[in-house]
Each structure stands twice: as C-alpha cells, then as structure tokens.
Amino acid sequence: MGQSIFKNLKRFEDYQLILLGWVVVLAAVCLNCTAHSLFIAKERVDVLSSIGWSLKEFGVWLVMTPALCFALNATQYRDRPILHYLIIGLYAVGIALLINTSVDVFIEAMHWQESLFFNWHKHVIAFVAIVVVWKMMQQIDREPKSPKRHLKTEASNHRNLLAPQQVDITLDDDTAKELAISEVTTLKFSNPNLEIQQSDITFVQASGNYLEISTPTATHLVRITLKELEVMLDDTQFFRCHRSFVVNLNKVSTVKNHRSGHGDVILCSGQVVPVSKSKRAKLREFIELA
C-alpha cells in the first residue's frame, strides 16, 4: 500500500504536491479554530470565519506556490543556488508580509509594527517548507524505467508513421547500403517537416509535449515526447541523463559532480546539461564505453 501511495504521489508536479499540502494545512487550521471555539472559548462555531482566518494567515502562499516553484526550477542548475534561494525567499516573504500586514492594518486595526513582529517568522517557515518539499521532489526521478525491449511495438509503429512511402525499385548493393545507413542516422519529423542527422544533435530537452533539439547551428522545436524520441535514437550514442534531457555521448567533454548527488554534463560546445542523481554513475559507464 505504501508503494502504491508513493507511486501516485510521483504523478504530481512539484507545485501540485505543494498546493495539496497547503490545502491540508488550511484544513488543519480551520479544524483548530473550530476546536478552539467549541472547547476553549465556548462560542458558537462559525465555519466561514474559521476559513477566512486560515486564508488570511496562509492563503497568500497558496497563490504564490506555482510561481515560487517556477522560480526555483529556473535556478536549479545555476552556480551558488543558496544565494538564489535567499533572493527568492526575500521577495516571497516580503510580498507575504506586505499583504498580511495590510490586512491587519486596514481590517484588524492593528499597528504595522505589531503585525510584522507576530507574522514574519511564520512566513519564513512557510517559505522554507516549500523549498524543502521542492528539493525532495527533485530527488525523485518520476519517469518510469522501462527497458527498450519492451517498446519494440511502439518503435515499429512510430517508424511506420515517419517513414517515407515505399516504392518498388531495384537497387544495387552499394546504394541499398547507403540508404539503410541514412534511414538509421537521419531523424524525420512530420510536425514540423524536418530532417536531422543524429550525429548533429548535441542534446535534447523536453518542454511539455514538445522537444527542443539542439544542434551546433540551431535549436529545433518538434512535437514529440521524449519517450518517443528515445525509441528512434541510437541507444549506444544517446543517453537519458535526466527526466527532461537526452545527451549525445559523442559530444560530452566531462561530467561535474555536486555534493547533493546530482551532476552536470559539460559538452564540448561549453553547454551544460543536468544529470539526475540516479543516472550519474550509469552515465560515466556509458562515457567510458563510448
């Protein structure tokens, strides 16, 4: 049962899981207000008042969470990530305090100094909690690990869709051999109509249902998933180093390790591609064999 719950949680994006956590926190705060009214204040329970108070305390984080996750993802592979976290935290906590203090001053008739004194620490804790949960989500490689031999049927279907129409024609051996090599090394896409040599690809980055295929001369945007592209690529030349990245092993200069367990692939062009913790050791093995 625990594995089933864990598998279901992996389907969520980082911000979705954190939003789910905030819903649980707000529900707990409402229950706490209700219990206080019933057992301590001996007052009539006002559910709407409890919901309003919990939203006043933490509702701003419910709104800011998607933007925060986007900002954290944007700084994930930069140098000195702690500095970026601090900058994001200053902006986020500052906005939360501004909204919370404004509500206290104009609605609760509280002095702004008093509001800041009683509220700053809970907003700092809220931001730290978001960062901790976000970091935990980054440690999880949510892409299912499926051996390529299980994808033969999908590979066949996909190649049939992308293959040109066959014409009955007699070819000599040399011409047939050249066409066979071209069929393997050239990727043909229908959306948009595009042909790319596998040897020209430096790395591929997933972007929703699209892929950004980087070559020395340009970056091409094609409508295809990373899993579908993996089936088409030469698995001795390309390696999935991250749930969102595939790298050409022939274009790799070195691999840089981080203390967190993650790493970066430094390409011969100087570009940097992230490596997830679970793929780092296997990537080194592939580079040694390449």
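If you go through the range 67-82 one residue at a time, do you hit one that is surrounded by 15 or more Cβ atoms within 10 Å (Cβ to Cβ), under 21 Å from the mean Cα position of the chain (by Cα) and either assigned by TED's automatic domain parsing to the domain that holds residue 275 or at pLDDT 85 or above (or both)? The answer is no; no qualifying residue exists. Restricted to the range 257-278, and to residues there that are hydrophobic (A, V, I, L, M, F, W, C) and outside any loop (DSSP other than H, G, I, E, B), the residue that is farthest from residue 197 (Cα to Cα) is 275. Among the residues of the range 101-114, those that are part of a helix (DSSP H, G or I), modelled with pLDDT of 85 or more and of a type outside the set (Phe, Trp, Tyr) comprise 101, 102, 103, 105, 113, 114. Here the range 213-225 is the region considered, the condition is being in a strand (DSSP E or B) and more than 20 Å from the chain's Cα centre (by Cα), and the residue that is nearest to residue 273 (Cα to Cα) is 219.
Selection within the range 270-287: residues that are of a type outside the set (S, T, N, Q) and closer than 18 Å to residue 73 by Cα. The member of this set that is surrounded by the most Cβ atoms within 10 Å (Cβ to Cβ) is 275.
Within the range 270-283, residues that are at pLDDT below 90 have Cβ atoms under 6 Å from residues that are surrounded by fewer than 16 Cβ atoms within 10 Å (Cβ to Cβ) in these pairs: 276/141; 277/261; 278/141, counting only partners at least 6 apart in sequence or on another chain. Going by the structure shown, is residue 262 touching a Pro at 6+ places or on another chain (Cβ under 6 Å) and either modelled with pLDDT of 85 or more or in the same structural domain as residue 202 (by TED's automatic domain parsing) (or both)? The answer is no for residue 262. Taking the conditions exactly as written (modelled with pLDDT of 80 or more and surrounded by fewer than 18 Cβ atoms within 10 Å (Cβ to Cβ)), does residue 31 satisfy them or not? Yes, satisfied. Counting the residues of the range 226-256 that are basic (Lys, Arg), under 19 Å from the mean Cα position of the chain (by Cα) and not in a helix (DSSP H, G or I) gives 2. A residue that is aromatic (Phe, Trp, Tyr), without any contact (Cβ under 8 Å) to a residue 60 or more places away in the chain and on the phi < 0 side of the Ramachandran plot can be found somewhere in the range 243-260. For the range 225-239, taking the residues that are free of Cβ contacts under 8 Å to residues at least 60 places away in the same chain and farther than 16 Å from residue 209 by Cα, the one that is surrounded by the most Cβ atoms within 10 Å (Cβ to Cβ) is identified as 239.
Of 93, 63, all but one fail to be aliphatic (A, V, I, L, M), free of Cβ contacts under 8 Å to residues at least 24 places away in the same chain and more than 30 Å from residue 263 (Cβ to Cβ); the exception is 63.
Restricting 55, 62 to residues that are surrounded by 14 or more Cβ atoms within 10 Å (Cβ to Cβ), modelled with pLDDT of 75 or more and more than 17 Å from residue 134 (Cβ to Cβ) narrows the list to 55.
The values are calculated or read from the model by the stated rules, or taken from the named source; none is laboratory data. Model, not experiment: these values are computed from the prediction. For neighbour counting, all protein chains shown are included, and Cβ atoms are generated from backbone atoms with ideal geometry for every residue, glycine included.
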